[in-house]
1. What accessible area per residue comes out for the stretch A:91-136, rounded to a whole number of Å², with a 1.4 Å probe?
2. Given the C-alpha centroids of the stretch A:100-141 and the stretch A:34-98, what is the distance between them in whole angstrom?
3. In whole Hz, with x marking every Gly and Pro, tabulate ³J(HN,Hα) for the stretch B:130-141 from phi via Karplus 6.51 cos²θ - 1.76 cosθ + 1.60, θ = phi - 60°.
4. When the dipole is taken about the Cα centre of chain A, and only Lys, Arg (+1) and Asp, Glu (-1) are charged at their Cβ, what size is it in debye, to the nearest 20?
5. Loop-only GluC sites (Glu not before Pro) in the stretch B:46-78, please: DSSP not H, G, I, E or B, and at most 10 other Cβ atoms within 10 Å.
6. Averaged over its residues, how many other protein chain Cβ atoms are within 10 Å of peptide A:71-81's Cβ atoms?
7. Report the local net charge at residue B:93: Lys and Arg +1, Asp and Glu -1, summed over other residues whose C-beta lies under 10 Å from its C-beta.
8. Each residue of the stretch A:57-68 in turn: what ³J(HN,Hα) in whole Hz from Karplus with 6.51, -1.76, 1.60 and θ = phi - 60°, glycine and Pro shown as x?
2 protein chains.
Amino acid sequence: MKTSIEHIRDKISKKGLKVTPQRICILEAIYDLDNHPTADNITEYIRETHPNIATGTVYKVLETLVENNLIKKVKTDRDIMRYDGIIEAHHHLYCSECDLIEDYMDHELDELLKDYFKKKKFPGFKLEDIVVQIRGTFDKC
Amino acid sequence: MKTSIEHIRDKISKKGLKVTPQRICILEAIYDLDNHPTADNITEYIRETHPNIATGTVYKVLETLVENNLIKKVKTDRDIMRYDGIIEAHHHLYCSECDLIEDYMDHELDELLKDYFKKKKFPGFKLEDIVVQIRGTFDKC
DNA sequence: TTCTTTAAGGAGAATGATTCTTATTTAGTA
DNA sequence: TACTAAATAAGAATCATTCTCCTTAAAGAA
């Protein structure tokens, strides 16, 4: 289901950010692609409708969206940054053969981890979030 | 406790690899630094004793060590690669304020995840490894 | 011990990803 | 409608990693 432009405008303005066409289409691209895209993936997608968007703008807007918790960065072991449009807590399936990363949500797993970490102490460390990296290989890659 | 050079030589030769001074000192650097270093961190460390080692050589050796399961790449959300000298299954504490990454081992957590994932099905996906990203902030950063 | 072979390393160029700088444009408010 | 500060465009600069080609050396055979 495609996210409406109105919904996106709302998300952006609620963060006290100017609602610019670039920000709208970058966020829309991330939702539409829905595959933890790189900045280049996003730029290519957007240039179908906005041929003149600058690479620097894309990086700049991505940084702004991350800082304002509208998107998240995804951890990978490559020298390239990826982005996630889902900000609610979830986990990832990583393929060790290719760059595919899939979302994984399961309330049971969340509760299980929540209970475990409630019991644990981490002196000098303030816990914020738990993300499970589920590593393996996809048949389709 | 510092790993002996003999131990390192043994690890390298057991993988059928030539034992070169560069490979020994790169692996030693990773063990000594023990902080999920970048290629640049490793290069700087090594140049104290091997001033002429080439950057390309460091990247090449790191790639070889990863391929042979002597070290592992660490997932981060930056455009820079980090390496881990501990190949046994473990988890990581990530600081959201700085680049610090600390190891976290707990058999209880491992068993808990093992049991959970034993029950789950992932059609089209062959599970290999589970790593937990424990995100938060360190007081000391 | 010496020689040979193939793999590894050195040096630096090339490539790709990201950041920075400056001038122009524009979103939002008055 | 006008104004202002923020955002964007364009391209240069920087940084991280890979590639190419020539030289060196680890390891094994003789």
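1. Values: 2450 Å² over 46 residues.
Each residue of the stretch A:91-136 exposes 53 Å² on average to a 1.4 Å probe.
2. 21
3. Once rounded to whole Hz, the list reads 10, 10, 9, 8, 9, 9, x, 10, 8, 4, 7, 9.
4. 740
5. Numbers: sites: B:48, B:63, B:67; in loops: B:48.
Taking the stretch B:46-78 and a limit of 10 other Cβ atoms within 10 Å, the loop GluC sites (Glu not before Pro) found are B:48.
6. Working: counts 0, 1, 3, 2, 10, 7, 10, 6, 7, 4, 5.
Averaged over the peptide's residues, the number is 5.
7. Working: positive: B:135; negative: B:102, B:103.
Value of the local net charge: -1.
8. For the stretch A:57-68, the Karplus-derived couplings read 5, 4, 4, 5, 5, 4, 4, 5, 5, 5, 4, 9 Hz, x marking Gly and Pro.
The values are calculated or read from the model by the stated rules, or taken from the named source; none is laboratory data. Just so it is clear, the model here is predicted, and its values are computed rather than measured. Using ideal geometry, Cβ is built from the backbone for each residue, glycine included, and neighbour counts are taken over all protein chains shown. Accessible surface is based on the protein model in full, side chains and every heavy atom, while ligands, DNA and RNA are left aside. Shrake-Rupley method; radii C 1.70, N 1.55, O 1.52, S 1.80 Å.
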